[in-house]
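Enquirer: The structure's right below; bear with me while I get my questions together.
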Amino acid sequence: MLTNINNAGQSVVMVTHDIKSVRRGNRIIYLQDGGIMGECELGKYVSGDKQRHEKVRKFLEGNGMVKLIKSGFHKDRNHNVRPF
């Protein structure tokens, strides 16, 4: 539904820790402690795009997020690992 809304020209801003939802976005902005720590442009979503999935995985791993997201944890402002 959000993809259809976006394709109709409406911007959608989503905050998520769900990797499947992240893959649907056109752009990922990684925030930590209120600051932008990284950005990844993905372009329009196309179902089954394996290159897109790999790009998202590399981006999240580069920011140390994949293992934390899968485990249900995040890093706080002191870089301590905490549950969501």
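Coordinate-derived values only; no laboratory data. These figures come from a predicted structure and were not determined experimentally. Counting neighbours? That spans all protein chains shown, and the Cβs are built from the backbone with ideal geometry, glycine included.
Enquirer: Which aspartates and glutamates, if any, have their Cα less than 19 Å from the Cα of K58, not counting same-chain residues under 8 positions apart?
Expert: Partners found: D18, E39, E41, D49.
Enquirer: Another question, then. According to a simple spin-label model (label point 7 Å from Cα along Cα-to-Cβ), what is the distance in nm between L2 and I29?
Expert: Inter-label distance under the simple model: 1.4 nm.
Enquirer: Would you work out if the range 1-63 is rounded, prolate or oblate? Take a ≥ b ≥ c from the square roots of the eigenvalues of the alpha-carbon gyration tensor; rounded if a/c is under 1.5, else prolate when a/b is larger than b/c, oblate otherwise. Intermediate results must be reported in sequence, preceding the final value.
Expert: Values: a/c = 2.10, a/b = 1.25, b/c = 1.68.
Because a/c hits 1.5 or more and a/b fails to exceed b/c, the range 1-63 counts as oblate.
Enquirer: Return the loop-located trypsin sites (Lys or Arg not before Pro) in the range 31-67 (DSSP other than H, G, I, E, B) with at most 13 other Cβ atoms within 10 Å of their own Cβ; answer none if there are none. Kindly include the intermediate steps, with their values, before the conclusion.
Expert: Values: sites: K44, K50, R52, K55, R57, K58, K67; in loops: K44.
When the trypsin sites (Lys or Arg not before Pro) of the range 31-67 are filtered for loop state and at most 13 Cβ neighbours within 10 Å, K44 remain.
Enquirer: Something else now. At H53 and V13, where each label point lies 7 Å from the Cα along Cα→Cβ, what is the point-to-point distance in nanometres?
Expert: The two pseudo-label positions are separated by 3.1 nm.
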